[in-house]
Amino acid sequence: MPLIKAELPNLLHRGKVRDTHDAGDGLLLMVSTDRISAYDVVLPNPIPGKGAVLNQISHFWFEKTSSIIPNHVAEIGLDDKYLLSEPLKPRAMYVKKAERIDIECVARGYITGSALEEYKNQGTVAGQQMPAGMVEGDQFPQPLFTPATKAVEGHDVNISVEEMESLVGKELTNKLQHITLEIYKFAREYAYERGIIIADTKLEFGTIDGELTLIDELLTPDSSRLWDLNGYKPGTSQPNFDKQFVRDWLTGQCWNREPPAPKIPSEIIKKTAYRYQQAFSKLTGLKLN
């Protein structure tokens, strides 16, 4: 494996949260930054320590789920074999290059977010009829698979399973649905025993040498809604360990969800950082590096 120096050459892509560098030999170096986005807009202030949480909690889950499906991890930056700077190591991960499947695979166990909005308007979630009388935070009878298109810019668009089949084929859709729900059910049970409800999560997949592979991030406070089991109460917004805290603050700012986003106050930043760190420690039982 090539050595990557602190200046990180060959930037391939700067995402809302992650920077991806070409590491050579079929590898990428993914760096999770402290940037935070909401409604697909990067906010002006970073959340200290957030990148380390995203990187290390993803690595934790990639290891936990490797018996379900292979993933793209080659090495985590904390494995001190390469010329990464000390501040970079906690936030960096070497991954194998994959051909991304441009579908976000979402698993939902509880009704909230865009699923709740659709339900209020139509009585459905991802086109599937739901029981009458559901309220914010209610658990679905069975976890749902609700795909979305992966947008390069702007907002991802929720689609039905049938629409996904028309895009990637029925066989691949069935595989992705099965694996997504299997990972979600495993993680939900694991987290529940540690006082956290995983309300929903989104997964991304690709292929490496023709093999279906789990990529990007996994079950982080950015890609999942993580609720505090002790304060869980259907019918209201749930106490959480994810960026919903920032979304709730933004809702009170009369922001139109278009750039530029309002500056986050220092108190909101501190509380958000604390929630991310709590998610990591509660789920992994480890100390954040």
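Residues in region 22-57 that are in a loop (DSSP other than H, G, I, E, B) and not aromatic (Phe, Trp, Tyr): how many?
Initially, region 22-57 is screened for residues in a loop (DSSP other than H, G, I, E, B), giving 25-26, 33-36, 39-40, 43-49.
Now drop any that are not not aromatic (Phe, Trp, Tyr), which leaves 25-26, 33-36, 40, 43-49.
Residues that pass the stated criteria total 14.
Restricting the first residue to region 182-196 and requiring it to be part of a helix (DSSP H, G or I), which pairs with a second residue that is of a type in the set (Gly, Ala, Ser) meet a Cβ separation below 6 Å and a spacing of at least six or different chains? Matching pairs, first to second residue: Tyr184/Ala107; Arg188/Gly109. A residue that is within 24 Å of Lys150 (Cβ to Cβ), open to solvent by 20 Å² or more (accessible area, probe 1.4 Å) and among the β-branched types (Val, Ile, Thr) cannot be found anywhere in region 240-262.
Please determine, by comparing only the residues of region 232-251 that are assigned to a helix (DSSP H, G or I) and β-branched (Val, Ile, Thr), which one is nearest to Ile47 (Cα to Cα).
Start the filter on region 232-251 by keeping residues that are assigned to a helix (DSSP H, G or I), which leaves 244-251.
Adding the requirement that they be β-branched (Val, Ile, Thr) leaves 246, 251.
Numbers: Val246: 11, Thr251: 19 Å.
This residue is Val246.
The set of residues in region 153-170 being β-branched (Val, Ile, Thr) and either open to solvent by 70 Å² or more (accessible area, probe 1.4 Å) or at positive phi (or both) consists of Val157 alone.
For residues in region 67-109 being of a type in the set (Asp, Glu) and either over 16 Å from the mean Cα position of the chain (by Cα) or buried (at least 17 other Cβ atoms within 10 Å of the Cβ) (or both), which is nearest to Thr149 (Cα to Cα)? Top of the filtered list is Glu104.
When Leu219 is tested against (1) of a type in the set (A, V, I, L, M, F, W, C); (2) open to solvent by less than 30 Å² (accessible area, probe 1.4 Å); (3) more than 18 Å from the chain's Cα centre (by Cα), only condition (3) is not met.
Kindly provide the set of residues from region 22-44 that are of a type in the set (S, T, N, Q) and surrounded by 19 or more Cβ atoms within 10 Å (Cβ to Cβ), ordered by number. Please lay out each step first, then the result.
The initial filter retains those residues of region 22-44 that are of a type in the set (S, T, N, Q), namely 32-33, 37.
Ser32, Thr33, listed by residue number.
Looking across region 269-289, not a single residue is modelled with pLDDT under 95 and either in a helix (DSSP H, G or I) or closer than 22 Å to Leu43 by Cα (or both). Looking at Leu3, Leu54, Leu8, just one residue is at pLDDT 95 or above and of a type in the set (A, V, I, L, M, F, W, C), and that residue is Leu54. Count of region 126-147 residues, restricted to those that are open to solvent by less than 50 Å² (accessible area, probe 1.4 Å) and modelled with pLDDT under 95, is 1. When the residues of region 202-216 are filtered to those that are in contact (Cβ under 8 Å) with a residue 40 or more places away in the chain and farther than 24 Å from Ala38 by Cβ, the one that is most open to solvent (accessible area, probe 1.4 Å) is Glu211.
May I ask you to verify whether Pro234 is within 27 Å of Leu144 (Cβ to Cβ) and either open to solvent by less than 70 Å² (accessible area, probe 1.4 Å) or touching a strand residue (DSSP E or B) at 6+ places or on another chain (Cβ under 9 Å) (or both)?
Values: within 27 Å of Leu144 (Cβ to Cβ): yes; either open to solvent by less than 70 Å² (accessible area, probe 1.4 Å) or touching a strand residue (DSSP E or B) at 6+ places or on another chain (Cβ under 9 Å) (or both): yes.
Here the answer is yes, as Pro234 does meet what is asked.
Would a scan of region 178-201 turn up a residue that is open to solvent by 30 Å² or more (accessible area, probe 1.4 Å) and more than 26 Å from Leu283 (Cβ to Cβ)? No, region 178-201 has no match at all.
Evaluate the following for Thr173: is it crowded, with 16+ Cβ neighbours inside 10 Å, in a helix (DSSP H, G or I) and β-branched (Val, Ile, Thr)?
Numbers: crowded, with 16+ Cβ neighbours inside 10 Å: yes; in a helix (DSSP H, G or I): yes; β-branched (Val, Ile, Thr): yes.
The answer is yes for Thr173.
Scanning region 57-66 for residues that are open to solvent by 10 Å² or more (accessible area, probe 1.4 Å), in contact with a Phe, Trp or Tyr (Cβ under 6 Å, 6 or more places away or on another chain) and either more than 14 Å from Ser223 (Cα to Cα) or not β-branched (Val, Ile, Thr) (or both) turns up nothing.
The values are calculated or read from the model by the stated rules, or taken from the named source; none is laboratory data. As the structure is a computational prediction, the values presented were derived from the model and not from experiment. For neighbour counting, all protein chains shown are included, and Cβ atoms are generated from backbone atoms with ideal geometry for every residue, glycine included. Keep in mind that these areas ignore ligands, DNA and RNA; they rest on the heavy atoms of the full protein, side chains included. Shrake-Rupley method; radii C 1.70, N 1.55, O 1.52, S 1.80 Å.
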